[in-house]
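As structure tokens, the structure follows; a few thoughts come after it.
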Amino acid sequence: MSDVKNLLLLLEHPQEPVFVPKGSKGTVFDVPSEYLSDKYRPLGQAVTSRFGASTGEVIRVKKISTPPIDDILELKRDENFSLFLPKHRQLAGRLTEIFMRMHTVDDLISMACYARDRVNPYLFNYSFSVALLHREDTKHADLPSFARLFPDKYVDSKFFTKAREEAKLVPVGSRVPLKIPMDFTATEKEEEHRLAYFREDLGANLHHWHWHLVYPLSGGKQIVAKNRRGELFYYMHQQLIARYNFERFCNKLNRVERLKDFDEPIKEAYFPKLDSVVASRSYPARVANMKLQTVDRVVDQIRQDVNDLKMWSNNIINAIHNRTVNNENGQTIELTENQGIDILGNIVESSELSPHRTYYGDLHNMGHVFISFIHDPDHRHLENFGVMGDVATAMRDPVFYRWHAYIDDIFQQHKNTLPRYSESRLNYPGITVSSVEVQSKGVPSNMFNTFWQESDVDLSRGMDFTEPGPIFVRFTHLQHQPFTYNIIVENDNPAPKMGTCRIFLAPKFDERRREWLFRDQKLMFIELDKFTVTQPSGIWTATVPTKDNLWISSISVDADGQNTYSFLKELRKECPATCS
Ligand code: CUO
């Protein structure tokens, strides 16, 4: 495990060379001089021993015969990295496979040390993290959250100057957390800004980045072909949209409108105010009423027409109505009740598992690409992609939800072709749930108590070339008072019965305060919890505490289920002292 912990140190301070001491104990990687980058190789031992002498543990990195990585170096170190761009995806897949093929942890350390100072830092970090998560010998490693390694993707760019000043002038014990304001991207003049607290939430964005790390688009079958991967792409993003709609209702906004017309001006603007510290560029803004245009950027090796999006979309919708898809060998695959959604998820996302990538295209990923280059589609201004081009930042932009509402609607069209559940499939004979309520301390039943909470997180490991010691930011996020579900269940059977309890929450009324048609309301359900129970015979009251740090809207009902719950789980790793 100590070797595995050492591997994690290679994720820190992404721009500092490999030989600079890492971690709180000042661990040094003593690499073969051939591993040093061109800039430091001429200095050889002089530079490595300078650090080696004054620090803690020294890890002697063995020399291995490293596979060629010249193609991976095509992405320069000072460029940004996007999983949605086919070229970047391919490079990430290549590097992940190299890391996956290393026979031992020692070989992996060696390969990582060799690649780290050559490869683009974002690309290195992504592929190395994917490999650590998926290798048998490292899969239990507790990866540091991405916000700690690349804070520039999560916090206001003003923070960095202040943080450097703090690190330089204030001794470690006397440093105070730097507060990130809640409203730094717009004002109340912009209606959509009411949702900024949700869209720009640190935990929510970490959750989204982490999901895509666990479900990579490339890197070999053993990594990509996970059980029900396509279905989970649908379900996780559907839950995000449902959760977002809850929040919109709470803020007197209508449910999100899907971006279904690719020629219409996009009315929502977004000005992210994030700098990419590694890529030395800020994330460009999108003004109101811009339209998608042909993306023709030699630098990103991409040329794609808006009409391609339309064509792919038509092909997918036709497949849904025919209930079959074609694969590249000309065979027909039925979109069955059980497997159809998984196949469609792989097609729409689209991952390496899509049965026919030429015909069904790259709809979801390219939507991100078109939107993220809307300000400079032909690279005439030498600008890079906006926040929609990056899984770590995409959820900040209101258009993310419009795009994913469109994607979700495609899946719902498929769902609507499926037969109704029969009563016998929904019933559990002899089991009746006779009442459900939630209870918090000191408030009437069925009332949630929610509030804003400030938490601190140390971002120093993502700041290169600064003085050692923690640098905390203080940010504000939603929190709720703990509550329990009290569920009364009657089991008329003579013996105990096992079952799965699933708890969902849905808004009772729509945005016009009218009762829902179930057809529409079913899209609004968010999954709060899921667990196995053994139900004794007779009447039984289950008192189920909410999971730690479940999130609820500040204003009215709603909470997080399996997916949204992990927002805070991500964050808890960061701030055990203040997230109680
Ligand atoms: Cu998660 Cu579009 O896939 O963002």
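Computed from the coordinates by the stated procedures, all read-outs in this text should not be read as laboratory data. Since the structure is predicted, the reported quantities are computational estimates derived from the model, not experimental observations. Note that we place each Cβ from the backbone using ideal geometry, even for glycine, and neighbour counts take in every protein chain shown.
Rounded, prolate or oblate: pick one for the stretch 157-213, where a ≥ b ≥ c are the square roots of the eigenvalues of its C-alpha gyration tensor, a/c under 1.5 means rounded, and failing that, prolate if a/b is larger than b/c, else oblate.
On the way: a/c = 3.21, a/b = 1.54, b/c = 2.08.
Verdict is oblate for the stretch 157-213.
Return an integer: the convex hull volume of the alpha-carbon atoms of the stretch 4-141, in Å³ per residue. Each step should come with its number before you reach the end.
On the way: hull volume 14.3 nm³, N = 138.
Output value, Cα hull per residue: 103 Å³.
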*Ranked ILE69, ILE316, criterion: other C-beta atoms within 10 Å, fewest first*: ILE69, ILE316
*Using a cut-off of under 13 Å, list every residue of the stretch 3-32 whose amide N is near the label point 7 Å from the Cα of LEU43 along the Cα-to-beta-carbon line.*
16-21
*Taking every DSSP beta bridge that has both residues in the chain, what percent is antiparallel when rounded to the nearest 5?*
90
*asked:* If amide hydrogens are placed 1.01 Å from N in the peptide plane, which non-local residues have theirs closer than 5 Å to the one on ASP529?
replied: ILE503, GLN562
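Just list whichever of LYS508/LYS530; LYS226/LYS415; LYS39/LYS273; LYS87/LYS153 have alpha carbons separated by over 25 Å in the model shown. Please list the in-between numbers first.
Numbers: LYS508/LYS530 21 Å; LYS226/LYS415 22 Å; LYS39/LYS273 32 Å; LYS87/LYS153 21 Å.
As for pairs spanning more than 25 Å Cα to Cα, those are LYS39/LYS273.
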*Please state the relative contact order of the stretch 371-529 as a whole percent: Cα pairs under 8 Å, 6+ residues apart?*
17
*Once both axes come from the Cα atoms, what is the angle between helix 340-349 and the longest principal axis of the chain, in degrees from 0 to 90, rounded to 10?*
40
_Reach of LYS267 by Cα under 19 Å, taken over lysines that are not fewer than 8 positions away in the same chain_ = LYS189, LYS252, LYS291
*What is the distance, in nm, between label points placed 7 Å from the Cα along the Cα-to-Cβ direction at ASN486 and at ILE69?*
5.9
_Suppose a student asked you for the relative contact order of the chain, using Cα pairs under 8 Å spaced at least 6 residues apart; what percent would you report?_
16
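Using a Förster radius of 25 Å, what is the FRET efficiency between LYS221 and ASN427 based on their Cβ-Cβ separation? Nearest 0.05, please.
Values: r = 39 Å, r/R0 = 1.58.
Given R0 = 25 Å and the Cβ-Cβ separation, E is 0.05.
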*Acute angle (nearest 10 degrees) that the helix 398-415 long axis makes with the longest principal axis of the chain, alpha-carbon atoms*: 50
*Please list 474-480, 80-86 highest first by mean number of surrounding beta-carbon atoms within 10 Å per residue.*
80-86, 474-480
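List the GluC sites (Glu not before Pro) within the stretch 131-192 that DSSP assigns to loop and that have no more than 15 neighbouring Cβ atoms inside 10 Å. Before the final figure, lay out each step's value.
On the way: sites: GLU136, GLU165, GLU166, GLU188, GLU190, GLU191, GLU192; in loops: GLU136, GLU188, GLU190.
Loop-located and lightly packed - GLU136, GLU188.
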